[in-house]
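> The structure's right below; bear with me while I get my questions together.
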Amino acid sequence: MGTCNMVVASTPDAARAFLRNLDLNFSNRPPNAGATHLADNSQDMVFADNGPRWKLLRKLSNLHMLGGSESNEFKDMVVELMTSAGIFNFGDFIPSIAWMDLQGVEGKMKKLHKRWDALLTKMMEEHAETANERKGKPDFLDILMANTGNSDGEELSLVNVKALLLNLFTAGTDTSSSVIEWALAEIMKNPEILKKAHEEMDEVVGRNRRLEESDIPKLTYLQSICKETFRKHPFTPLNLPRVSIQAYPDVWENPMDFNLERFLSGKIARTESRGNDFELIPFGAGRRICAGTRMGIVLVEYILGTLVYSFDWMVPPETGELNMDEAFGLALQKAVPLSASPRPRLEPTAYVS
């Protein structure tokens, strides 16, 4: 494409070849405007080349994973970043004209990066002022700051720390929320799915308490909703930037249909989304699989499960037919945000216990 050589892996076998058999050969990300202007020249974990610094960042994010924040201070910036990073940029594919910034993409990225840098710098400075209050009980940022300087033979700079925080903030908010929004939209479009989910939950949990994380393994129908949403609406459809194969017709019959039976019976019912089954790789696979895979699956299953369990969901009369169009970006969002009317379905005490 342009002056760049590209190979599209569009079958499970091809994905397995690149992401498992030849994983080391294809473990680096190609250069692009997003990595340059939003990730401090690939100083973060997502775009960094495979090597000691990437391994250290990966280890820290796995050992001390930070949950997504919904702070209004940067919520809009998260959406803007995910949209900007997913825009098709001519300069990425024809490097000789990148300096012209014909679409204005790089200029917008630079301005957005300045806003993020100011926010993260302020957060780190305020955090440092309260370090004495956490002696003996370090939090995630304390762990990161303790690893600046030489660690495992690799120097972790303040730029690396800020870039990693940016990875975790964006990956922990916009991706999970977009998947949950798509799942609710599909459920509201198919009321029979909501009815069956409620029947399973009432049998397993009852209606007198809140849903707990320990209930999730017993809720196979809920898990199938999550898997089918991961398949049909992958949050990173081009998989940074390796293509997803979850609409491959030789594997998925009628791939554009939202069909939970795929994961309830048949030869692919046991397919998981954790990177081992190449028919379903919403989080990627191989050494560059998403560092938050386990957390992401638990987060989506638990939050979606809580929303489905706690309420009946209806399309507001003024909305009419649900719009299921997609908006292009690094994360696959709905073109029109979901509008929904919830109605409590549990015993009143379940909402306050």
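> Taking into account only those residues within the range 309-329 that are touching a Phe, Trp or Tyr at 6+ places or on another chain (Cβ under 9 Å) and in a loop (DSSP other than H, G, I, E, B), which is farthest from GLU200 (Cα to Cα)?
PHE328
> Another one. What's the total number of residues in the range 313-339 that are loosely packed, with under 15 Cβ neighbours inside 10 Å and under 23 Å from GLU228 (Cα atoms)?
11
> Just checking, does the range 97-110 include any residue being closer than 30 Å to GLU326 by Cα, touching a Leu at 6+ places or on another chain (Cβ under 6 Å), modelled with pLDDT of 70 or more and assigned to a helix (DSSP H, G or I)?
Yes; the residues of the range 97-110 include at least one that is closer than 30 Å to GLU326 by Cα, touching a Leu at 6+ places or on another chain (Cβ under 6 Å), modelled with pLDDT of 70 or more and assigned to a helix (DSSP H, G or I).
> For the range 94-135, which residues satisfy the criterion of being exposed (fewer than 11 other Cβ atoms within 10 Å of the Cβ) and at positive phi?
GLY104, the sole residue that qualifies.
> Given the criterion among the basic types (Lys, Arg), under 24 Å from ARG20 (Cβ atoms) and at pLDDT below 80, identify the matching residue among ARG274, ARG294, ARG288.
ARG288
> Cβ contacts < 7 Å: first residue closer than 12 Å to GLN333 by Cβ, restricted to the range 173-200; second residue polar (S, T, N, Q) and in a helix (DSSP H, G or I), any location; separation 6+ or different chain. Result?
VAL179/THR229; TRP182/THR229
> May I pose another question? Hey, among the residues in the range 103-128 that are farther than 19 Å from VAL159 by Cα and without any contact (Cβ under 8 Å) to a residue 40 or more places away in the chain, which one's nearest to the chain's Cα centre (by Cα)?
Going through the qualifying residues, I end up with LYS108.
> Oh, and also: Taking ARG209 as the residue in question, decide whether it is out of contact with any Cys (no Cβ under 9 Å at 6 or more places or on another chain), of a type in the set (Lys, Arg) and assigned to a loop (DSSP other than H, G, I, E, B).
Criteria met by ARG209.
> Now for a different question. Answer yes if at least one residue in the range 82-89 is buried (at least 16 other Cβ atoms within 10 Å of the Cβ), at pLDDT 80 or above and assigned to a helix (DSSP H, G or I), and no otherwise.
No, that holds for no residue.
> I would also like to ask the following. Across the range 140-170, what is the total count of residues that are of a type in the set (Ser, Thr, Tyr) and modelled with pLDDT under 75?
The number of residues fulfilling the criteria is 2.
> Could you go through the range 340-351 and let me know if any residue there is surrounded by 16 or more Cβ atoms within 10 Å (Cβ to Cβ), more than 25 Å from the chain's Cα centre (by Cα) and farther than 16 Å from LEU194 by Cβ.
yes
> If I ask for residues that are buried (at least 19 other Cβ atoms within 10 Å of the Cβ), farther than 16 Å from ALA14 by Cα and of a type in the set (A, V, I, L, M), which ones from the range 264-291 would you list?
Result: ALA291, single match.
> Go through the residues of the range 287-308 one by one and say whether even a single one is assigned to a loop (DSSP other than H, G, I, E, B) and among the small types (Gly, Ala, Ser).
Among the residues of the range 287-308, at least one is assigned to a loop (DSSP other than H, G, I, E, B) and among the small types (Gly, Ala, Ser), which makes the answer yes.
The values are calculated or read from the model by the stated rules, or taken from the named source; none is laboratory data. Quick caveat, the model's predicted, so the values are computed rather than measured. All Cβ positions, glycine included, derive from the backbone under ideal geometry; neighbour counts span all protein chains shown.
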